[in-house]
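The values are calculated or read from the model by the stated rules, or taken from the named source; none is laboratory data. From a predicted model like this one, the values you see are computed outputs, not experimental measurements. Because the Cβ atoms are built from the backbone with ideal geometry, glycine has one as well, and the counts that use them run over all protein chains shown.
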Amino acid sequence: MNVETSGLISRARAGDGEAFRELTEPHRRELEVHCYRMLGSFQDAEDALQDTLLAAWQAFGGFQGRASLRTWLYRIATNRCLNARRSASRRPAKEWDVPKVEPPEPTRLGEIVWLEPYPDALLEGAIDVPLGPEARYEQTESISLAFVTALQVLPPRQLAVLILRDVLGFHADEVAGMLDSTVDSVNSALKRARAGLQRRRPPAADRESPPASGSPSEEAIVAKFASAYESADLDALVALLTDDVFMSMPPMPFEYEGRDIVARFCAGIFGSGRRFDLVPTRANGQPAFGAYLHAPTGIRHGTGLIVLTLTGDRICAMTRFENSVLPWFGLPRSLPSR
C-alpha cells in the first residue's frame, strides 16, 4: 500500500467522503458488473452497487486492511447480492403484448424472465481488470447473455463461488473469507456449480467461435442481418440462422428453438406490412440493435432491443428485450419521420 492510498484510507476512516469516493471509484464499474452477473438484471445491479457503497461507507471505520480494499468491497457486494437473490421478488413474466401479431406456440417457456442486457459502453474498465490465477473464463465470455443466463439457475451460494473463483480468479481461502465459510465448503460448492453450469451450456467444441468484436467478419454478418430485417426479407434472414437457433424475449417467457419455428415467428412480426429501422449498438459484448417500427405518421417507435449471438458466420441466438431498455444504450424511445 503506497503512502497516498494509506493517507486516503486514514481520511476515509475519519469520515472524509471525498477520500472514500477516491478510493472506491476505480472499483465501481467492475463491482457493478459483478452484481450484474449475480443478479442477471441491470437495474438490480445498479441498486446492489448503491447498497454496497453505502454499506462500505458506513463500515469503513472498521476496515483494517487485512485484505485489499478491492477484496473487501467484493465481499460486501457479493453478500448484498446474495441477500437480494434470497429476498427479492424477481421481475414477473409478462403476457404477449405485440398488437396484431399472433405468435406461434413456443417451444418452451423460459424461467429467467428477469434477464436484462448490459450496455457495452459501461463495460470499459470493468472487464479488463487484472484477474487472479484461478480464473477460467475470458472476461468477454463471462458477460455474454448465454453465460449470465446459465448462471441464474444456480443456487445463490454456488453462483457466488463460481463467479468469485472461475470468473474473477480469487483463491479458495479468499472466497471462504468473503462468504464466512471454509475452504472445503467453497471447493464443494464450486464443484457442484461447475457441473450445474455444464448442464446448461453446450460444450464449446460444438460451436464455432464468434468473430472478434468489431472485426470485418462480425460486421459482415451484422450488416446482412440489418439489411434482411429492415427489408423484411424472410429468406435472407433465415439463411443467416443456424439449424438450432434459439430465440427468447424476457420478460415474456416465450422461447423458440430451431430455424423453422424462429422463421415462423419472424414471419408474424413482418406480417401486416410491419417494417422496422434498426439502430446499431452493443450489449453484453455482442452486436445489438434498437428496433423502431414505422408508424403511419412517419414517426418510428422503439419496440425493443435485439441482441445477436454469433457462431462462425451465422446467428445462433436472438434475444429481444423491451423498449424500456433503450435509454440505457443512449437510444431514443422514438425516431422522427424522415
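Quick notes on this structure:
- Of all residues in the stretch 167-176, exactly one satisfies the criterion of being surrounded by fewer than 19 Cβ atoms within 10 Å (Cβ to Cβ) and either touching a Leu at 6+ places or on another chain (Cβ under 9 Å) or in contact (Cβ under 8 Å) with a residue 40 or more places away in the chain (or both), namely G169.
- Among the candidates R338, R282, R320, R264, residue that is charged (D, E, K, R) and part of a helix (DSSP H, G or I): R264
- Extreme residue, farthest from D120 (Cα to Cα), among residues of the stretch 251-282 that are under 21 Å from the mean Cα position of the chain (by Cα) and hydroxyl-bearing (S, T, Y): Y256
- Considering the stretch 301-338, and only residues there that are basic (K, R) and in contact with a helix residue (DSSP H, G or I) (Cβ under 8 Å, 6 or more places away or on another chain), the residue that is surrounded by the most Cβ atoms within 10 Å (Cβ to Cβ) turns out to be R314.
- Residue within the stretch 62-69 that is surrounded by 13 or more Cβ atoms within 10 Å (Cβ to Cβ) and of a type in the set (S, T, Y) present: no
- Taken over the stretch 62-84, the residue count meeting the criterion of being assigned to a helix (DSSP H, G or I) and in contact with a helix residue (DSSP H, G or I) (Cβ under 8 Å, 6 or more places away or on another chain) is 15.
- Entirely in the stretch 172-253, the helices (runs of 4 or more DSSP H) that have 2 or more residues that are touching an Asp or Glu at 6+ places or on another chain (Cβ under 8 Å): 183-200, 216-230
- Verdict on R108 being within 22 Å of F246 (Cα to Cα) and surrounded by fewer than 18 Cβ atoms within 10 Å (Cβ to Cβ): yes
- Applying the set (1) surrounded by fewer than 14 Cβ atoms within 10 Å (Cβ to Cβ); (2) not assigned by TED's automatic domain parsing to the domain that holds E25 to L122 leaves exactly one unmet item: (1).
- Close pairs (6 angstrom Cβ cut-off, 6 or more residues apart or separate chains): under 15 Å from P280 (Cα atoms) in the stretch 205-224, among the hydrophobic types (A, V, I, L, M, F, W, C) and in a loop (DSSP other than H, G, I, E, B) anywhere: K224/L240
- Flag if I163 is in contact (Cβ under 8 Å) with a residue 40 or more places away in the chain and touching a His at 6+ places or on another chain (Cβ under 8 Å): yes
- Picking from residues in the stretch 265-300 that are of a type in the set (K, R) and surrounded by fewer than 17 Cβ atoms within 10 Å (Cβ to Cβ), the one that is farthest from G330 (Cα to Cα) is R274.
- Checking each residue in the stretch 202-249 for being of a type in the set (D, E, K, R) and either within 26 Å of A121 (Cα to Cα) or not assigned by TED's automatic domain parsing to the domain that holds T319 (or both) picks out D206, R207, E208, E218, E219, K224, E230.
- Restricting the first member to the stretch 124-149 and to residues that are without any contact (Cβ under 8 Å) to a residue 12 or more places away in the chain and outside any loop (DSSP other than H, G, I, E, B), and the second to residues that are of a type in the set (F, W, Y) and surrounded by fewer than 16 Cβ atoms within 10 Å (Cβ to Cβ), no beta-carbon pair is closer than 9 Å while six or more apart or on different chains.
- Qualifying residue in the stretch 48-61 (condition: of a type in the set (D, E, K, R), in a helix (DSSP H, G or I) and touching a residue at least 12 places away in the same chain (Cβ under 8 Å)): yes
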